[in-house]
Every structure is written in C-alpha cells, then in structure tokens.
Amino acid sequence: MLTIVLLDILLVIVLLILAVPLPFCFGGALLFMSVFGEVSMKSMMLWGFSQMLNPILLASPLFILSGTLMGGSGIAKRLLDFVDVFIGHIKGGLGVVCCFTCAVIGAISGSGFTGVAATGPILIPRMVEQGYPRGYATALLTVSSILGLLIPPSAIMILYGWVTGTSILACFMSTAGPGLLITVNLSILNLYLVRRYNMPLDIDSIETVRQKRKELGSRTINALPALLMPVIILGGIYGGIFTATEAAAVSAAYAIPVGFWIYKGFKKGDFFKLCREAATSSGALMTMILFCLILSQTYVILKVPQALVEFMFSITHNKFILLIMVNIFLFTVGMIVNDGTGMILCAPMLLPLVQELGITPIHFAAIMGVNLAMGGVTPPYASILYLGMRVGKCSFNEILKPTLIFLIFGYLPVILLTTYWAPLSLFIPSLFGLN
C-alpha cells in the first residue's frame with residue numbers, strides 16, 4: 001500500500017510538471033487511488049462535501065474578495081504615502097516602506113498575492129525612479145508580500161486550524177512573532193545592501209523632507225480609513241467580537257465604501273470586474289481544496305501518517321535532525337504546490353510525527369506557515385514570484401539573485417528560529433491563554 005501511495009504522489013508531481021491545472025492534478029491522484037488503492041470514492045466524496053459545508057471555509061473566498069478589492073480601492077497608496085513620511089527620506093528608506101506596507105497589507109488581506117497586486121504597480125516604479133535596480137526592487141517587494149501569509153489573519157492558518165482541529169485564533173497568533181521578525185530582518189538587510197553595493201539612490205532634499213512633514217496631518221487623515229481596516233479586523237478577532245470568517249466578510253464589506261466614496265478608486269465597471277476575478281479565483285481554490293482534502297483523508301485511512309512516523313524514526317531518533325527533515329520536506333512541498341494545498345495535504349500526515357517529538361499543534365502551525373510561505377517565492381512553483389515579475393516587468397535572471405539573498409539571510413534564519421525556539425511562536429498565544 002505504501003508503494004501505491006508513493007506512486008500516487010509521483011503521479012501528482014508528473015501532472016504538475018506537465019502544467020495540468022492544480023485541481024485536476026489532485027483529481028487524477030484521487031482517480032488513481034480509487035482504481036489501485038481499494039478506497040471507496042463514493043463514501044470519500046460524500047465525506048468531502050460534508051466537510052466543505054463548514055462555515056470556516058467561507059473565510060478563504062471572502063479574504064480573496066477583500067484582497068482583490070483592496071488592489072483597486074486606493075488603500076495601498078494611502079498606506080504608502082503615510083509610512084513614507086517617517087522613513088522614506090533615509091537612504092534605503094523606501095525599501096523599508098515596502099516591507100512594512102506589505103506587512104500591513106498582509107494584516108488586512110491574509111494573502112501573499114495582495115501585497116504584489118496592490119502595492120507593486122505603485123511602489124516598484126517609485127523605487128526604480130529613486131535608483132533601485134528593477135530586479136532588486138521587485139525581489140524585495142515580492143519576498144515582503146509573503147508576509148501576508150504570516151501576519152494575522154492568515155488564510156493558510158484558517159486551513160491548518162480546520163484540518164487539524166486547532167484553535168484558529170491560536171494559529172493566527174503563532175505566526176505573528178515570526179512574521180514581525182521577518183519584516184524587521186528584511187528591512188535591516190535592505191538598509192545594509194543599499195550601502196554595501198553603494199546604490200546611487202536619490203535621497204530627498206531637506207526641503208522635500210520638511211514638505212513631507214508638513215503634510216503629515218493631511219496624509220494621516222487620508223490614510224486613516226486604510227489604517228482603521230486592520231484595527232477593525234484584528235481588534236474584532238482578538239476581542240472576540242467576530243470569528244475569522246466574519247472578519248473576512250467585514251474586511252470585504254469595508255473595502256467597498258472606502259473604495260467608492262472615500263478614495264474613489266472604484267468605478268462601476270472596475271468593481272464588477274474585480275468581483276468576477278475574485279469569484280473565478282475562489283471557484284478554483286474551493287475545487288482544489290475539495291480534492292486535496294479527500295486525497296489527504298485517503299492517506300490517513302491508509303495509515304500513511306503512522307508509516308511516515310515509523311520510517312522517520314527508523315532513520316534516527318534525534319529530534320534536531322528529524323525537525324530538519326520535516327523542514328526540508330515542507331519546503332520541497334512548497335516549491336511544487338501552493339501554500340493552501342501543501343497545508344491540507346501535509347498537516348494531517350506530519351502532525352502525528354511532530355507530536356511524537358513534543359511539538360505542540362500551535363507551534364507546528366508556525367513551522368508549517370513559514371516553510372510553505374517561502375515556497376511561494378521559490379521555483380519551480382513560485383506563483384507569487386512570477387506575479388511579481390509580471391508586475392515589476394523584469395526577467396527571471398534580474399530577480400533571482402536578490403530574491404535568494406533575501407530568502408537566505410532574511411527568511412531562512414527565522415525558519416530555524418521558529419523551529420527550534422518555541423517561545424517565538426508560542427509567546428503571543430500564551431498571552432491570551434491559548435497554548
């Protein structure tokens with residue numbers, strides 16, 4: 001049976017290499033298991049559809065809608081203008097603005113794509129005008145955008161909590177520490193790199209800095225509706241006013257009046273076009289979730305998690321080495337499928353293993369989150385990276401080197417720290433009594 005499962009996984013990889021759409025890759029794997037794995041697909045499909053009726057899953061399409069609407073509402077531009085007043089005049093300051101704006105956008109949308117789509121068309125040209133190489137500017141924005149998968153609320157943490165039965169609020173909080181640390185890391189690394197390579201950046205004159213400070217009041221007022229959005233969403237979730245699903249609905253509803261009447265970023269035709277895009281993305285996502293969920297449950301029925309635990313412990317009982325192997329496995333999965341797919345497939349399989357090692361489900365949520373988020377900018381899948389290349393209008397060769405620098409020196413240390421130092425991910429949940 002383990003051989004059949006391995007062949008099934010190989011089939012998924014082959015279908016992905018052949019560029020078959022993701023839902024059909026996992027649909028093909030399900031068909032293979034139905035024919036050769038002696039698993040009743042009738043009962044599995046009924047189980048899958050019953051699971052899809054869970055209200056928690058509504059959060060995913062609602063966050064997609066919220067993020068799509070944010071891209072056209074003007075919220076991102078006001079946030080950029082506001083943050084730029086404080087640090088935009090420092091050499092390399094615009095790169096720091098990029099990191100923190102993507103973190104704030106992530107706290108609103110729960111998605112890695114929104115940071116690229118909402119801020120890329122505004123920020124990348126501005127960074128290029130100031131003297132940043134186009135590939136460097138695009139890489140910094142793209143890597144910063146995956147903070148949307150870590151800064152709460154996070155769409156992939158909703159999926160993790162759903163498939164593992166863990167508190168979603170605790171999962172949100174578990175990635176807050178690593179997400180904030182990555183934001184600071186990328187900002188410091190950017191300030192170092194612009195000086196290390198002596199980038200000829202245009203720095204604001206004293207008069208321009210004074211003018212920006214004079215505009216602080218007006219920029220703050222203009223940014224206030226955008227700044228209120230994360231306050232309402234996060235305050236509502238952590239204050240127990242509404243659930244993660246309700247928070248996603250509130251964020252989508254809030255973006256509509258802000259886009260139409262405050263920032264006037266929406267036109268009637270554009271609004272319906274954005275809604276269609278969100279609906280298309282949601283349909284593809286939910287189909288993929290259904291197939292991944294059934295495939296994952298099929299592996300659980302066939303006792304793949306137990307076999308995986310036995311296999312890992314047959315190699316070594318060293319906790320340090322086993323966690324390294326888990327990280328490599330998750331990173332590899334993130335390289336070939338998207339974060340949501342990886343979460344649904346791997347969480348039920350690996351959770352028994354890490355629990356044997358003394359890792360709590362909340363700590364493991366953070367470990368999975370940081371690894372799978374990194375996969376979004378690591379080829380061959382790298383969907384967020386490819387979107388960044390299109391938005392930034394740069395080639396793969398231009399973006400590859402700076403992306404690797406940001407990942408190796410800004411991101412990878414946080415993955416190791418998250419894995420081996422539990423307080424980084426458990427401290428904030430413990431403040432709310434959720435450990």
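The values are calculated or read from the model by the stated rules, or taken from the named source; none is laboratory data. This structure is a prediction, so every number in the text was calculated from the model and none was measured. In this analysis, Cβ positions are derived from the backbone assuming ideal geometry, glycine residues included, and neighbour counts consider all displayed protein chains. Surface accessibility is based on the protein's heavy atoms, side chains included, excluding ligands, DNA and RNA. Shrake-Rupley method; radii C 1.70, N 1.55, O 1.52, S 1.80 Å.
The figures follow:
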item: Within region 9-58, considering residues that are surrounded by fewer than 16 Cβ atoms within 10 Å (Cβ to Cβ) and outside any helix (DSSP H, G or I), the one farthest from the chain's Cα centre (by Cα); result: GLU38
item: Per-region count, region 69-115, residues more than 15 Å from the chain's Cα centre (by Cα), within 20 Å of ALA248 (Cα to Cα) and open to solvent by 10 Å² or more (accessible area, probe 1.4 Å); result: 3
item: Boolean, GLY269 is modelled with pLDDT under 80, in a helix (DSSP H, G or I) and either out of contact with any strand residue (DSSP E or B) (no Cβ under 9 Å at 6 or more places or on another chain) or open to solvent by 70 Å² or more (accessible area, probe 1.4 Å) (or both); result: yes
item: Matching residues in region 223-245 - criterion: being open to solvent by less than 20 Å² (accessible area, probe 1.4 Å), small (Gly, Ala, Ser) and either closer than 13 Å to VAL104 by Cα or not in a helix (DSSP H, G or I) (or both); result: ALA223, ALA226
item: Total residues in region 138-165, condition open to solvent by 20 Å² or more (accessible area, probe 1.4 Å) and hydroxyl-bearing (Ser, Thr, Tyr); result: 1
item: Subset tally (residues that are part of a helix (DSSP H, G or I) and modelled with pLDDT of 80 or more) for region 103-131; result: 16
item: Residue list for region 229-254, restricted to those being touching a residue at least 24 places away in the same chain (Cβ under 8 Å) and among the aliphatic types (A, V, I, L, M); result: MET229, ILE233, LEU234, ILE237, ALA244, ALA247, ALA248, ALA249, ALA252
item: Filter result for the condition that a residue is closer than 22 Å to LEU323 by Cα and of a type outside the set (S, T, N, Q), over GLY392, GLY388, GLY375; result: GLY375
item: Condition check for ILE367: under 20 Å from LEU16 (Cβ atoms), assigned to a helix (DSSP H, G or I) and in contact (Cβ under 8 Å) with a residue 12 or more places away in the chain; result: no
item: For HIS317: the one exception among (1) part of a helix (DSSP H, G or I); (2) farther than 21 Å from ALA366 by Cα; (3) open to solvent by 70 Å² or more (accessible area, probe 1.4 Å); result: (1)
item: Exclusive hit being open to solvent by 90 Å² or more (accessible area, probe 1.4 Å) and either modelled with pLDDT under 85 or over 30 Å from LYS91 (Cα atoms) (or both), set ILE206, ILE256; result: ILE206
item: One residue from MET173, MET199 being open to solvent by less than 60 Å² (accessible area, probe 1.4 Å) and at pLDDT 90 or above; result: MET173
item: Check on GLY392, touching a residue at least 60 places away in the same chain (Cβ under 8 Å), touching a Leu at 6+ places or on another chain (Cβ under 8 Å), small (Gly, Ala, Ser) and more than 28 Å from ILE344 (Cα to Cα); result: yes
item: Unmet criterion (only one of (1) closer than 23 Å to LEU46 by Cα; (2) surrounded by fewer than 22 Cβ atoms within 10 Å (Cβ to Cβ)) for ALA307; result: (1)
item: Of all residues making up region 374-428, the number that are among the hydroxyl-bearing types (Ser, Thr, Tyr), assigned to a helix (DSSP H, G or I) and either under 25 Å from ALA170 (Cβ atoms) or open to solvent by less than 70 Å² (accessible area, probe 1.4 Å) (or both); result: 7
item: Which numbered condition PHE49 misses (of (1) in contact (Cβ under 8 Å) with a residue 24 or more places away in the chain; (2) more than 21 Å from ILE301 (Cα to Cα)); result: (2)
item: Residue ID - farthest from the chain's Cα centre (by Cα), chosen from residues in region 284-297 that are of a type outside the set (A, V, I, L, M) and either modelled with pLDDT of 85 or more or open to solvent by 40 Å² or more (accessible area, probe 1.4 Å) (or both); result: GLN297
item: Counted residues, region 352-408 - those being β-branched (Val, Ile, Thr) and either in contact with a strand residue (DSSP E or B) (Cβ under 6 Å, 6 or more places away or on another chain) or under 16 Å from THR166 (Cβ atoms) (or both); result: 5
item: Qualifying positions in region 331-342 - of a type in the set (A, V, I, L, M) and either at pLDDT 90 or above or in contact with a Ser or Thr (Cβ under 8 Å, 6 or more places away or on another chain) (or both); result: MET335
item: Hey, CYS346 touching a residue at least 60 places away in the same chain (Cβ under 8 Å) and open to solvent by less than 10 Å² (accessible area, probe 1.4 Å) or not; result: no
